[in-house]
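> To start, I am sharing the structure in question, which I have written as structure tokens.
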Amino acid sequence: MNVLTFDSDDKLNEAAANIIIGQIQTTPRAVLGLATGGTPVGIYKQVVREFNRGMFSFRNVTTFNLDEYVNIPIDHPESYHSYMNSHLFSHIDLPAAQCHIPDGNAADPADECRRYDEAIELSGQIDLQLLGLGHNGHIGFNEPAHALIKGTHVVDLAEETLEANARFFDSVDDVPKQALTMGVGTILKAKKILLVVKGADKADIVKRALQGPITTDCPASLLQTHPNLIVLLDAAAAGKLS
Ligand code: PGA
């Protein structure tokens, strides 16, 4: 594991963006796993800034998002489809047919999960998976549990997740209660993982994830087993690491 700490948000975003851009420049048909939430906003902004300088193209890139809420209209401002369009996809030359987000409105969610896993398999696996970290140690929407699920599945969101995401909605009651998420098995199969965490409120969970026991109670702790994990932290998130 390679852990880097940054004293400014701009430098952290720049470092993360450079890893993503480097992957695109060095892998002819790069497959990227993408994340949503507050953490990647500044990273995507920096990627778009560099894209606009004409140094690289997304024409041959394929993307798979980690997750999407169940039963949220695709054009709802807080759907992850809307998030990706507004923060990244509408600003770059990624062909629509090459970007994948689970369909939270699928008539048959189990079938949608199977289809999503098959599409990832067909792509030849994810070269670089971008991840944020939930306060409860979730990655994607893989919540703490007695057992974790390997592939894409429907998940009931944990109380902490509903509370954390309430800031994006009018109230906690408006946060969708379920999501489709890529499984931990798929995440761990990515050839490289880039975990980015910001803020003092995440310092405890960063410590548990990176230096605590490997346990399904903290899904991110399984990342310790990955052979190619890069962790970018701001100084506040790194505050409790020994
Ligand atoms: P955040 O979410 O970036 O909005 O803090 C991270 C996560 O829940 O995975």
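The values are calculated or read from the model by the stated rules, or taken from the named source; none is laboratory data. Quick caveat, the model's predicted, so the values are computed rather than measured. Please note: Cβ atoms are built from the backbone with ideal geometry, for glycine as well, and neighbour counts cover all protein chains shown. Accessible surface areas use protein heavy atoms only, side chains included; no ligands, DNA or RNA. Shrake-Rupley method; radii C 1.70, N 1.55, O 1.52, S 1.80 Å.
> Would it be correct to say that residue 95 is farther than 18 Å from residue 39 by Cβ and either loosely packed, with under 15 Cβ neighbours inside 10 Å or away from the ligand (no atom under 16 Å from the Cβ) (or both)?
yes
> So which pairs qualify, if the first residue must be in region 185-207 and within 13 Å of the ligand (Cβ to nearest atom) and acidic (Asp, Glu), the second must be open to solvent by 50 Å² or more (accessible area, probe 1.4 Å) and part of a loop (DSSP other than H, G, I, E, B), the Cβ gap must be under 8 Å, and the two must be at least 6 apart or on different chains?
Listed by first residue and then by second, the contacts come to 201/135.
> Give the residue, chosen from 75, 67, 9, that is buried (at least 18 other Cβ atoms within 10 Å of the Cβ) and of a type in the set (Asp, Glu).
One residue alone meets the criteria, 67.
> Let me ask something additional. State the number of residues belonging to region 127-155 that are part of a loop (DSSP other than H, G, I, E, B) and over 12 Å from the mean Cα position of the chain (by Cα).
Counting residues in region 127-155 that are part of a loop (DSSP other than H, G, I, E, B) and over 12 Å from the mean Cα position of the chain (by Cα) gives 14.
> Let me ask something else about it. From the set of residues in region 53-88 that are touching a helix residue (DSSP H, G or I) at 6+ places or on another chain (Cβ under 8 Å) and not in a loop (DSSP other than H, G, I, E, B), which is farthest from residue 39 (Cα to Cα)?
Across region 53-88, the extreme among qualifying residues is 62.
Table: residues versus (1) closer than 17 Å to residue 99 by Cβ; (2) touching a Ser or Thr at 6+ places or on another chain (Cβ under 7 Å); (3) not hydroxyl-bearing (Ser, Thr, Tyr).
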{"residue": "17", "(1), (2), (3)": "no, no, yes"}
{"residue": "31", "(1), (2), (3)": "yes, yes, yes"}
{"residue": "66", "(1), (2), (3)": "yes, yes, yes"}
{"residue": "72", "(1), (2), (3)": "no, yes, yes"}
{"residue": "76", "(1), (2), (3)": "no, yes, yes"}
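> If I ask for residues that are within 16 Å of the ligand (Cβ to nearest atom) and not in a helix (DSSP H, G or I), which ones from region 26-52 would you list?
33, 34, 35, 36, 37, 38, 39, 40
> Any residue that is of a type in the set (Ser, Thr, Tyr), touching a Phe, Trp or Tyr at 6+ places or on another chain (Cβ under 9 Å) and touching a residue at least 12 places away in the same chain (Cβ under 8 Å) - is there at least one of those in region 209-216?
no
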